[in-house]
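For reference, the structure is listed below as structure tokens.
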Amino acid sequence: MCEFVSWIEKGKKIYFLTGEQVFHTDKGQSLRTWCGSVDDYVGHGAIRYFYGLEQDEGVNKEGTTFSRPDSFPEVIVSALKRGDFKGFPLPRGLLKKLLDDKYQADRKLLEDKYWADLKPLDDKYWADRKLLEDTYGADRKLLDDKYWADRKPLDDKYWADPKLLEDTYGADRKLLDDKYWADLKPLDDKYGADHKFLDDKYWADLKPLDDKYWADRKLLEDTYWDLFTIPENRVKAWR
């Protein structure tokens, strides 16, 4: 996984992605679908996808030390100071300590609330899932036990005189096997349908929780990016 901020150097050109490009353009929409994971939105693969660069074009670069701006090309420093990376988490080391501490505390509150709200949803899902698995396992055991109970005398009889029964064993065994699979199918079908219902309900219940979290998270990130655009709010090295 590439780190924020990532860029590609090709000659004198610096390629990187801003929040505006990723979240507010048609190409950005296509990029997000292509990436799948939010962690990859500003990686080197995403940059190449957005700008149409081949794998052998340019040199991959990234900087993760934000204590000093000289870790980054000037064009990226300027973009950071303008708040062009809104939509992504604000890195530590940019805001003055008082603001940075408040940002971290606000973010922790948001994340703690999300996990607290998620826990009962997860607990119910796994409780329902266990009940489903246990019920299926019990029903399947009854079916399996009956199959092997019916099969044992058939096998015992065959092995007692395989030469005598070689013509009939296969047919008798096929009848038994066919009945087993026929009886198993509705059991498996019901299990699959119930499993899908549980999963679908979980994801449906999770969506508003996730949507609210990411909306609140965006508002939080945008607020502190806006604060960072004001020079007095930055650490000295970034003013």
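The values are calculated or read from the model by the stated rules, or taken from the named source; none is laboratory data. In this text the structure is predicted, and so the values were computed from the model without any measurement. Backbone-built Cβ (ideal geometry, glycine too); neighbour counts: all protein chains shown.
Rundown of residues vs (1) assigned by TED's automatic domain parsing to the domain that holds residue 118; (2) loosely packed, with under 14 Cβ neighbours inside 10 Å; (3) at pLDDT 95 or above, yes/no style:
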site	(1), (2), (3)
161	yes, yes, no
164	yes, yes, no
169	yes, no, no
182	yes, yes, yes
197	yes, yes, yes
Can you list residue pairs whose Cβ atoms sit under 9 Å apart, with the first residue in segment 143-170 being touching a residue at least 12 places away in the same chain (Cβ under 8 Å) and the second being loosely packed, with under 11 Cβ neighbours inside 10 Å? Count only pairs 6 or more apart in sequence or on different chains. 169/162
Any residue in segment 16-30 that's assigned by TED's automatic domain parsing to the domain that holds residue 41 and closer than 16 Å to residue 76 by Cα: show its pairings with residues that are hydroxyl-bearing (Ser, Thr, Tyr) and buried (at least 20 other Cβ atoms within 10 Å of the Cβ) at Cβ separation under 9 Å, as long as the two are six or more apart or on different chains. 16/6; 17/6; 17/41; 22/41
So, residue 32, is that one assigned to a helix (DSSP H, G or I), at negative phi and out of contact with any strand residue (DSSP E or B) (no Cβ under 9 Å at 6 or more places or on another chain) or not? yes
Would you check which residues across segment 127-144 are surrounded by 12 or more Cβ atoms within 10 Å (Cβ to Cβ), of a type in the set (A, V, I, L, M, F, W, C) and within 15 Å of residue 198 (Cα to Cα) and list them? 131, 132
